[in-house]
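Visitor: Mind looking over this structure? Questions follow.
The numbers here are math on the coordinates, done by the rules we state, and not lab data. All values derive from a computational prediction rather than experimental measurement. Please note: Cβ atoms are built from the backbone with ideal geometry, for glycine as well, and neighbour counts cover all protein chains shown.
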Amino acid sequence: MNKLLQMKNLERHYETPAGVVKALDGISFEIFEGERVILLGPSGSGKTTLLNCLSALDSPTGGNYSFKGREVPRNNSEKMTSFRRENIGYVFQFFNLLQDLTVLENILLIQELANKKNSLRAKELLELVGLEAEVDRFPGEISGGQQQRVAIARSIAKRPTLLLGDELTGNLDTETSNKVMEALVSACKQENITSVFVTHDEGLVKYATRVIRIDSGKIISDERTGNDSGV
Amino acid sequence: MSALLNKRLARSLMRTKIRLFAVILMVFVGVFAGITFGGYAHNLGSMYDTMQADDERGANLADIWIDNRSTKWTPEQVDTFCNTLGAAWDNSSISFALDSCEGRTVTQGAMFHSNDTGDYIINSLWHGIPEDANADRIWMPVGYSEGRTAVAEDEIVIDAHVTDALNLNLGDTVSIGAGNTTADFIIVGMGYHPLHVLMAPEGSLFPPEPGQYVVGYLSDAGMARLTGDEIGTSNTIILDLEGSPSFDLPDTQKYEGEEINVAKQLVDSSLNSTEMNGRIRDRGQNEPVEVMRQDLEGTKRTTVPFTVMIASIAAITIVLSLQRLVQSQAKEIAVLRTLGVERSSLMTGYLVAPLVIGGIGSVFGALAGPYGMNGMLDFYQDFAGVPIIERTVPNSVYVTVIGLTMFVVFLSGAFPAWKASRLDPLSVLSGQNEIRVGSNRLRKLTSWMPTTLGLSIRSSVRKPIRLSMTFVAVGISLMLFGSIQMMTVGLQDTMIGSLEDDQTWDAQVYISPDSEGPVVDWAEDNSAHYEMIIEMPIGSVADSDDIERSFTLVGLDSFRNGMRSVSVIEGGTPVANATVTQVIMDEGSIKFLRWNIGDRHTVSIDGVERDVEIIGVSAGELARTMYFVRDDLSKILGVNATSIYIELPDGIEVDSTLGEASIGIVERHSLLDGINSLLDQQTEFLQSMMYLGLLFTLVVMFNTMIMNVAERDFELATLRVLGASTRSLGTMLLFESILIGFIGGIVGVIFAFGGAALLSASFSSWQFFIPVKIVPSVSFQIIGIVLLIAVCMVPVGVWRLRRMDLVEKVKDLSQ
């Protein structure tokens, strides 16, 4: 497997009136192509901060972060956006679909913004997540689980190299969560997309090939699950 | 609890300082304008009341005038008429007494004035006022006029409007004429006259440049000396009645002239029985008086709508801002509701906030209002040339203006307050209130477009009520801006257009009946082209409500190729000697009388009924005018010409020979200068209101665009996280701005045209008609301005995008 990204002694410190808060305190790891990584940890452990740094939403205050052998831009909003546009897919906890656009249009919009508009592929992706019958419906007209599947289809529509998700099933019941994760695993496999998800739900470990546990801004364990082929 | 909630709301509002300042500014302007207009109208009204009053301080404006400029009544004729009328009055059932019946001469003439720059013949009007006159006296307010009235035969009072411009002082001698001889008079006073508040020549509504038209008040003996007639010879009889009998107001649909009409009928029969002919007019038909009354009434009428308009713009902005606040505080409100806070406690703040905002704006507006009023009164004093002595703002004006403003502003808090109190905590906390289903119709309409474009359109119209309110506010703002501009263009076209483009004469020389010979000789001696015209304000007709409407008769030799072309917008031009006399009527008359081309009507010409056929409709006349072929009109009136147009060859100027042969000369360039200067003054005044409208448009659009961007934080942050570049999102915002700007511009044009039509309707009367049309240049300007404002807001959105803290936003998006 090829190495996709590498973090070395990554730090994200915040200056607060109460002193310096070390959200990430010397994180180092590598992620290889095709891996499905789950970041587990209690609330305030730094997992979301790590995800933000991975997606170049946030700039680390120390350490190195390289992606495909190149340093990831930091402290430059436009370059960071460009990095995300070219490499990253993102799934939110609350789906964040645009309510004025239909299911299909939500996907087309992202393709259009990345200059990769392809309605055939958009429809294929919806088929992949089992929503081919809902293409012309508005997000407000479908269930939460369906909306999250649309969000997954949207996030991979532009063929990102790395797919990130923050508590993407946190707002769903167990049965729906499983359906969403299955759709996600299936899509990642088919599209050969590496993924990293933040969760505190141990039940999702079965969908990962690797689990990294974090606490107080440090990695406390990094294990392969043996689920190389997923569920 | 409620106090803490209100404090919390106040803090939230303070976070939007610019918006808060803008709303307070709007309320301030609304109250300021209301008090300015209200106080102005009040004091102007007082000035007229004082001037026209029948007491020692006033000039006692007459109630009825009988005049005939083409005749001279002997003192015996006047006495006979007055006695006949008095007897008839005593035998009638009229409830008010006839206080006085006085004859006097009012005649056009010229002043021969010399100064360092040369010799001038100034068009003039001379009144012969007996020492013991009861009505239409000279108004000489203490401290604002000089000297005394003329008593001796060589004394004159010059109207105070022109003394400064001509550098005339008490004791100076002036040479004047009235088509007879030139005589010298000593200035013994400077004062005003209620018929000459508007210092415009008879038959015109435009005051020329100061010093280019003179009105003087002689004694009856002085007038006899000037005209060579016996003392007491008259062409005008003035009647003063007990009290102020109601007369018809030409600008209303209702007929209010019942009272005075009875008196006028008696006057008419007395004229007939004494075999005298003349035009009988009451105050409503006396143009110089009526125009000023309508101007005052117009100002009074403007106060309330103007205040409400501005207060409404402020109210809409407050509604939108508070509504947005409720939306952004929905979660907090839901939490408070869950914790058991009562609805009324929540509502209080939203109801009180607009009152506080309105209160602050009102206090400043009330403090500044008197300054605005004084500014307007100063402007009027300069413009009309009469002193406005009393300057107070009545309490009723304060109460009305502030009360109205506070009421409108209070209403603006009611809706957001109600919305806040009705928020369902469960729905808000579960995020259900955020879920909405897009419009399928909109989807179908925009499905063919690129998705970004479709999203822009859908986002723009996502909140139709808010958008509509924005457009209404923009529309009202642009009503102030555009309607004034459209009306100004219409006014300019009417006032200047025909005089500048359709007329080629250089001088209009007024003559006494059958006295054209010397003027024609002068023209031929100087190789000047000339053209005789008849122009007399002696036509009248009863309209569909049986109200008598007066108009000017104009007789021309040529309608298309003469020195005064008529702009015929419909129909053709009259031919002479038709079985029924053919005429052209101006578009204002046609509109008011609801006449059509081809109609035949009976009109009164110099008191005699005559049938005419309407052949064409003309444009470009402020005053109501009926055009005849001069030959036809000459046969009807028995007058060849009342004035002569002259085209002066190069190097030839109007001289004293021509002046002595005439009873007054008007030069076209002076007339144009006067009108242009009047328009400039008006424009200067109106421009302040126009720019106010523009400022409001800016504030309203700014508010909406900022809210649009703020409201789309969720959507823009999502797209940003997903990798959308600033440029692509900026393009989306730009398109959205263009769309809103374009629609706003069109709404603005519609409102501006509507406003111009309303303004024109409120200003237009039988005496003064302003046509309104959609002026393309103004329309494009309005659309362009709104578009520009909308597009200028894009960088604000982009700036907001750039400084968006995505980490914080993602946190928000995950909550």
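Visitor: Report, to one decimal in Å, the Kirkwood hydrodynamic radius for the range A:96-217 based on all distinct Cα pairs.
Guide: Hydrodynamic radius (Kirkwood, Cα only) of the range A:96-217 equals 14.8 Å.
Visitor: Could you point to the residue in B:605, B:562, B:573 farthest towards the positive end of the range B:529-647's charge dipole, with +1 and -1 charges on the Cβ of Lys/Arg and Asp/Glu respectively?
Guide: Farthest along the dipole direction, towards plus: B:562.
Visitor: Follow-up. Specify, per residue and in Å³, the volume enclosed by the convex hull of the alpha carbon atoms belonging to the range B:696-755.
Guide: On the way: hull volume 4.2 nm³, N = 60.
About 70 Å³ per residue, rounded to a whole number.
Visitor: Still on this structure, I have one more. Given 10 Å bins starting at zero, what is the percent of C-alpha pairs of the range B:529-647 in each, up to the one with the largest pair distance?
Guide: 14, 51, 31, 4, 0
Visitor: Then there is this: Taking each residue of B:450-459 in turn, how many C-beta atoms of other protein chains fall within 10 Å of its C-beta, and what is the average?
Guide: Mean shielding count: 5.
Visitor: Would you kindly state how much longer the chain becomes between residue B:399 and residue B:339 on full extension, computed as 0.36 nm times their sequence separation minus their alpha carbon distance, in nm to one decimal?
Guide: 17.4 nm is the gain from fully extending residue B:399 to residue B:339.
Visitor: Using only the alpha carbons, work out the radius of gyration and Dmax of chain B in angstrom.
Guide: Taking only Cα atoms of chain B, I get Rg and Dmax of 33.0, 103 Å.
Visitor: What number do you get for the range B:667-726 when its Cα radius of gyration is normalised by 2.2 N^0.38 Å, N = residues? Write down the numbers at each step before the final one.
Guide: Values: Rg = 24.0 Å, N = 60, 2.2 N^0.38 = 10.4 Å.
My calculation over the Cα atoms of the range B:667-726 gives 2.30.
Visitor: If I model a spin label at residue B:244 and residue B:613 as a point 7 Å from the Cα along the Cα→Cβ vector, what separation in nanometres do I get?
Guide: Each label point lies 7 Å from its Cα, and together they span 4.7 nm.
Visitor: Report the local net charge at residue B:125: Lys and Arg +1, Asp and Glu -1, summed over other residues whose C-beta lies under 14 Å from its C-beta.
Guide: Working: positive: B:69, B:104; negative: B:67, B:136, B:159, B:202, B:287.
Residues near residue B:125 contribute -3 overall.
Visitor: Still on this structure: As an exercise, use a Förster radius of 22 Å and the Cβ-Cβ distance of residue B:514 and residue B:277 to find the FRET efficiency, rounded to the nearest 0.05.
Guide: 0.80
Visitor: Okay, moving on. Using unit Cβ charges (K, R positive; D, E negative) and no other charged atoms, how large, in debye to the nearest 20, is the dipole of chain B about its Cα centre? Working shown, then result.
Guide: Numbers: 56 positive and 94 negative charges, 1948 e Å.
The dipole magnitude comes to about 9360 debye.
Visitor: Continuing with the same structure: Which residues' amide hydrogens lie under 5 Å from the amide hydrogen of residue B:535, considering only partners 5 or more residues apart or on another chain, with H built in the peptide plane?
Guide: Placed amide hydrogens put B:555, B:642, B:643 under 5 Å from residue B:535.
Visitor: Taking amide hydrogens as modeled 1.01 Å from N in the peptide plane, which residues meet the under 5 Å criterion relative to residue B:570, leaving out close sequence neighbours?
Guide: It is B:617, by chain and number.
Visitor: Moving on. Taking Cα pairs under 8 Å and at least six residues apart, what relative contact order does chain A come out at, in percent?
Guide: Details: 466 pairs, mean separation 62.7, N = 231.
That works out to 27 percent.
Visitor: Let me ask something else. Under a point spin-label approximation (7 Å from Cα along Cα-to-Cβ), what is the residue B:777-residue A:182 distance to one decimal in nm?
Guide: 7.3 nm
Visitor: Within the set of other residues whose C-beta is less than 12 Å from the C-beta of residue B:57, count the net charge using Lys and Arg as +1 and Asp and Glu as -1.
Guide: Value of the local net charge: -4.
Visitor: For B:70, B:483, B:328, what ranking results if the residue with the fewest other Cβ atoms within 10 Å of its Cβ goes first? Please list the in-between numbers first.
Guide: Values: B:70 17, B:483 25, B:328 14.
In increasing order of surrounding Cβ atoms, one gets B:328, B:70, B:483.
Visitor: For the Cα atoms of chain A, what angle does the longest principal axis make with the long axis of helix A:174-191, in degrees from 0 to 90, nearest 10?
Guide: 90 degrees
Visitor: Per residue of the range A:51-57, in order, report the coupling 6.51 cos²θ - 1.76 cosθ + 1.60 (Karplus, θ = phi - 60°) as ³J(HN,Hα) in whole Hz, putting x for Gly and Pro.
Guide: Once θ is set to phi - 60°, the couplings for the range A:51-57 become 5, 5, 5, 4, 8, 6, 7 Hz.
Visitor: Placing +1 on the Cβ of each Lys and Arg and -1 on the Cβ of each Asp and Glu in the protein assembly as shown, which of B:12, B:547, B:151 has its Cα farthest towards the positive end of the resulting dipole?
Guide: B:12
Visitor: Sort B:262-269, B:486-493, B:556-563, A:54-61 by packing, meaning the average of other beta carbons within 10 Å per residue, with the highest value first.
Guide: On the way: B:262-269: 18.2, B:486-493: 20.2, B:556-563: 16.6, A:54-61: 22.1.
Descending mean neighbour count gives A:54-61, B:486-493, B:262-269, B:556-563.
Visitor: For peptide A:95-107, how many partner chain Cβ atoms fall within 10 Å of a residue's Cβ, on average? Don't skip to the end; give the middle numbers.
Guide: Values: counts 2, 10, 2, 10, 10, 17, 9, 6, 0, 2, 8, 3, 1.
Partner-chain Cβ atoms within 10 Å, mean over residues of A:95-107: 6.
Visitor: Additional query: Given axes a ≥ b ≥ c from the Cα gyration tensor, I'd like to know whether the range B:106-231 is rounded (a/c under 1.5), prolate (a/b larger than b/c) or oblate.
Guide: On the way: a/c = 1.27, a/b = 1.09, b/c = 1.16.
Taking the square roots of the gyration eigenvalues as a ≥ b ≥ c, the range B:106-231 is rounded.
Visitor: I'd like the FRET efficiency for residue B:579 and residue B:544, computed as 1/(1 + (r/R0)^6) with the beta carbon distance as r and R0 of 30 Å, rounded to 0.05.
Guide: Working: r = 26 Å, r/R0 = 0.86.
That pair, residue B:579 with residue B:544, gives E of 0.70.
Visitor: Here's something else I'd like to know. What is the helix-to-structure angle for B:464-478, meaning the angle in degrees between its Cα long axis and the longest Cα principal axis of chain B, kept from 0 to 90 and rounded to the nearest 10?
Guide: Roughly 30 degrees, rounded to the nearest 10.
Visitor: Would you kindly derive the ³J(HN,Hα) couplings of the range B:273-287 from the backbone phi angles with the Karplus curve 6.51 cos²θ - 1.76 cosθ + 1.60 (θ = phi - 60°), listing them in order in whole Hz, with x for Gly and Pro?
Guide: Once rounded to whole Hz, the list reads 6, 9, 6, 10, 10, x, 8, 10, 10, 9, 4, x, 9, 8, 3.
Visitor: Hey, got the Cα dimensions of the range A:3-224 along the principal axes, in Å, largest first?
Guide: 51, 36, 36
Visitor: Show me, for the range B:33-46, the HN-Hα J-couplings you get by feeding each phi into the Karplus relation (A = 6.51, B = -1.76, C = 1.60, θ = phi - 60°), rounded to Hz, glycine and proline as x.
Guide: Calculated HN-Hα couplings, in order: 5, x, 5, 4, 5, x, x, 4, 4, 4, 6, 5, x, 4 Hz.
Visitor: Give the share of C-alpha pairs in each 5 angstrom bin for the range A:150-231, from 0 to the last occupied bin, in whole percents, shortest bins first.
Guide: Cα pair-distance distribution for the range A:150-231, in percent: 3, 13, 27, 26, 19, 10, 3, 0.
Visitor: While we're looking at this one, here's another question. Hey, could you get me the Stokes-Einstein D for the range B:161-292, Kirkwood radius over alpha-carbon pairs, 25 °C and 0.890 mPa s, rounded to whole µm² s⁻¹? Present the calculation step by step, with values, prior to reporting the outcome.
Guide: Details: Rh = 17.7 Å.
So the translational diffusion coefficient is about 139 µm²/s.
Visitor: So, in nm, how far is label residue B:653 from label residue B:599 when the simple model puts each one 7 Å beyond its Cα toward the Cβ?
Guide: 4.8 nm
Visitor: Per DSSP H run of n ≥ 4, the term is -39500 (n - 2.57); total these for chain A, divide by its residue number, and report the mean residue ellipticity at 222 nm rounded to 500 deg cm²/dmol. List each step's numbers first, then the result.
Guide: Details: 6 runs with 71 residues, N = 231.
Calculated at 222 nm, the ellipticity per residue is -9500 deg cm²/dmol.
Visitor: Sort B:116, A:100 so that the residue with the fewest other Cβ atoms within 10 Å of its own Cβ comes first and the one with the most comes last.
Guide: Lowest count first: B:116, A:100.
Visitor: Same structure again: Around residue A:10, which amide H atoms from residues at least 5 apart in sequence, or from another chain, sit under 5 Å from its own amide H, with H modelled in the peptide plane?
Guide: A:26, A:27, A:28, A:64
Visitor: When the dipole is taken about the Cα centre of the range B:196-355, and only Lys, Arg (+1) and Asp, Glu (-1) are charged at their Cβ, what size is it in debye, to the nearest 20?
Guide: On the way: 13 positive and 21 negative charges, 315 e Å.
The dipole of the range B:196-355 has a size of about 1520 debye.
Visitor: Under 8 Å for C-alpha pairs, at least 6 residues apart: give me the relative contact order for chain B, rounded to a whole percent.
Guide: It comes to 17 percent, rounded to a whole number.
Visitor: Considering only the other residues whose Cβ falls under 13 Å of the Cβ of residue A:184, what net charge follows from Lys and Arg at +1 and Asp and Glu at -1? Walk me through the numbers on the way to the answer.
Guide: Details: positive: A:36, A:149, A:154, A:179, A:189, A:206; negative: A:182, A:191.
After counting each charged neighbour, the total is +4.
Visitor: To continue, here is another question. Just want the answer: with Cβ charges of +1 for Lys and Arg and -1 for Asp and Glu, which residue in B:113, B:388, B:82 is farthest toward the dipole's positive end in chain B?
Guide: B:388
Visitor: Follow-up question, since we're still on this one. Taking a Cβ-Cβ separation under 4.7 Å as the criterion for a possible partner, which cysteines of chain B have none?
Guide: By the Cβ distance rule, which asks for a partner under 4.7 Å, the isolated cysteines are B:792.
Visitor: Can you give the calculated 222 nm mean residue ellipticity of chain B, where each DSSP H run of n ≥ 4 adds -39,500 (n - 2.57) and the sum is split over every residue, rounded to the nearest 500 deg cm²/dmol?
Guide: Dividing the helical sum by the residues of chain B leaves -17000 deg cm²/dmol.
Visitor: About its Cα centre, how strong a charge dipole does the range B:529-647 have in debye, to the nearest 20, once Lys and Arg get +1 and Asp and Glu get -1 at the Cβ?
Guide: Working: 10 positive and 19 negative charges, 33 e Å.
I would put it at about 160 debye.
Visitor: Oh, and also: Can you tell me the 0 to 90 degree angle between the C-alpha axis of helix A:119-128 and the longest principal axis of chain A, rounded to 10?
Guide: Its long axis makes an angle of about 80 degrees.
Visitor: Given the C-alpha atoms of the protein assembly as shown, compute the convex hull and give its volume per residue in Å³.
Guide: About 225 Å³ per residue, rounded to a whole number.
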